[in-house]
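Reading through the structure tokens given below for one structure.
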Amino acid sequence: MRNSHSPYDKSRFPLRDTYDVVIIGAGAAGLMAASSLPLGNFTGLHVEHCARPGIKLLMSGGGRCNITHEGSVKDFPAHYGLAEKAVRRLLYRYSNDSLTDRLREFGVETVNEEGRIFPASMKAETVLNAFLSAAENNGFAFTYETELLGIEETEKDYLLTLSVRGDRRTVRARRLLLAGGGLSYPTSGSDGSLHRILVRDLDLPVTELRPSLYPLPIEDYPYEDLAGLSLDNVTVSLYPKEGKRLGRCTGPLLFTHEAFSGPAILNLSRAAEPGAVLEIQYVPLESAAVRRRLAGAASRNPKAGLPRLLREEFGLPHRLAQALGLRASGSPKRAAALLTADRFPVHVPPALVLSAPSDSTGAGSPSTADSPIHPATLAAFRRAMVTAGGVDRSAVSFRTMEAVAHPRLYLAGEILDVDGETGGYNLQFAWSSASAAAESIRGSLGIRP
């Protein structure tokens, strides 16, 4: 297989004037699509903004690549929030089993770790190299350090303006697949520029872009000294200023130096909104039941301090029991409240809103297509695993992944307004949407499976 440290950015070749298929973005979705699209006598170009492919894929799963999740695919749609209905049939057609089967065809075996599927090598580069090799074998040429500057739709194709290492070029694409990602981890090439181009050049509707699957920043975080401590089974809820609960999740919780993290928090971050309050329940009991148990424990051991009672009665880690005892100032009533409903205001940065510029929208307005990203939002995107929001689901057929108003234009992966929970669900959607797009393009060109 290809060495993941190969100097991709040194490859040079003359670009054609026209390609039958052009894919924008050599991340997970783009490579998955190219690996499923044998070109035969047709021509294909894969355009990547960075100097090498799959940077974000290499970062996934802590470098191990949590490729998908185990279990029945019928249970998957519920892990995609409001996109559940839109993605259901797509996931059924191109399931977790079809993804692992394809990897096996490429010589990549997978293993199950507590429901999460990884390559047996536990190296993301194994997955990257498999899809990259398949894409190249299918006939795709790759151009790196190449930026898409604009898209012009014509009657028969799409005229792309590219900057190839600073050299401005135009290329025609008879079929165009956009798989350029969102805004999360912008250093990986997902900088949001493609969304702006789609709004400006094609008037595609883009919902607000927000960070998702990231540690929620909170006010007056009191647990800096607990950094590195984790709890296996904690219930976390998120509430708005007014109204019904935004979400609830039970799972692992991790204390960091400056925020709560872990799957329970990351999954809830998708529902966070300005003014929200985070509530953590460390033990599965009501406050009154905790007070009764503390009173009984104190009567049996009157010389024990509150931290010791919390540790021995509820099995809390020593450091957490100490911190809760200190915050409760020795009050069992206050300790019971903390154990069952530790509440913190959440600082959610403003979303990035893109819309086509108009006479009524000034150039400095946050709603213009060229507006800068708020610093707090950009900082959150640097830590977020995925982007919530993107090309509106109503603008795309989820059977073919073709844009409703733009024939021969396809979209796949994180560029769309679809984001899943942590655990492999986002790479699974990349596979499902990329596979559907590849099959549709294959059919439109008359390429046999």
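Taking 0.36 nm per residue of sequence separation and removing the Cα-Cα distance, the LEU149/ASN137 pair yields an extension gain of 1.5 nm.
Order HIS79, HIS347, most accessible first, counting only protein heavy atoms with a 1.4 angstrom probe. Could you put the intermediate results ahead of the total?
On the way: HIS79 50, HIS347 95 Å².
Largest to smallest exposure gives the sequence HIS347, HIS79.
Name the shape class, rounded, prolate or oblate, that the alpha-carbon gyration tensor gives for the range 32-120, where a ≥ b ≥ c are the square roots of its eigenvalues, rounded holds for a/c under 1.5, and otherwise prolate holds if a/b is larger than b/c and oblate otherwise. Don't skip to the end; give the middle numbers.
Details: a/c = 1.58, a/b = 1.32, b/c = 1.20.
Cα axes put the range 32-120 in the prolate bin.
Where does the chain land on the Kirkwood hydrodynamic radius, alpha-carbon pairs, in angstrom?
Details: mean 1/r = 0.0426 Å⁻¹.
Taking every pair of different Cα atoms in the chain, averaging 1/r and inverting gives 23.5 Å.
Enter the accessible area per residue of the chain (Å², integer; probe 1.4 Å; all protein chains in place). Kindly include the intermediate steps, with their values, before the conclusion.
Working: 19630 Å² over 449 residues.
Result: 44 Å² per residue.
Kindly work out what percent of the DSSP beta bridges joining two residues of the chain are antiparallel, to the nearest 5. Numbers along the way, then the final one.
Working: 48 of 67 bridges.
The answer is about 70 percent antiparallel.
How would you classify the range 407-449 from its alpha-carbon gyration tensor, with a ≥ b ≥ c the square roots of the eigenvalues: rounded for a/c under 1.5, else prolate if a/b is greater than b/c, otherwise oblate?
Details: a/c = 5.89, a/b = 2.07, b/c = 2.84.
In terms of gyration-tensor shape, oblate.
Looking at the range 116-161, the pairs of alpha carbons with a distance over 16 Å make up 64% of the total.
Rounded, prolate or oblate, given the Cα gyration tensor of the range 85-175, with a/c below 1.5 counting as rounded? Prolate, since a/c reaches 1.5 and a/b exceeds b/c. When shorter helices are ignored and each DSSP H run of at least 4 residues is given -39500 (n - 2.57), the per-residue value for the chain at 222 nm works out to -9000 deg cm²/dmol. Using heavy atoms of the protein chains and a probe of 1.4 Å, the accessible area assigned to LYS123 is about 110 Å².
Tell me the carbon and sulfur percent of the accessible area for the range 244-330, rounded to whole percent, probe radius 1.4 Å. Walk me through the numbers on the way to the answer.
On the way: 2250 of 4290 Å².
Ligands and nucleic acids excluded, carbon and sulfur reach 53 percent.
Ordered by solvent-accessible area of protein heavy atoms (1.4 Å probe), largest first, the residues VAL206, VAL171 come out as VAL206, VAL171.
If R₀ is 30 angstrom, what is the calculated FRET efficiency for the pair THR43 and THR187, using the beta carbon separation as r and rounding to 0.05?
Working: r = 31 Å, r/R0 = 1.04.
Plugging the Cβ-Cβ distance into 1/(1 + (r/R0)^6) gives 0.45.
Taken along the Cα-to-beta-carbon direction at a fixed 7 Å, the label points for HIS257 and LEU159 span 5.2 nm. The length gained on full extension between THR170 and SER329, counted as 0.36 nm times the residue separation minus their Cα-Cα distance, comes to 50.4 nm.
Here the simple spin-label model places points 7 Å from the Cα toward Cβ, and for LYS303 and ALA337 these points are separated by 3.2 nm. Taking 0.36 nm per residue of separation and subtracting the Cα-Cα distance, full extension of the segment from LEU445 to ARG16 would add 152.6 nm.
The values are calculated or read from the model by the stated rules, or taken from the named source; none is laboratory data. Since this is a predicted model, take the numbers as computed values, not measurements. Every residue, glycine among them, receives a Cβ derived from its backbone with ideal geometry; neighbour counts consider all protein chains shown. Just the protein is used for accessible areas: all its heavy atoms, side chains included, with ligands, DNA and RNA removed. Shrake-Rupley method; radii C 1.70, N 1.55, O 1.52, S 1.80 Å.
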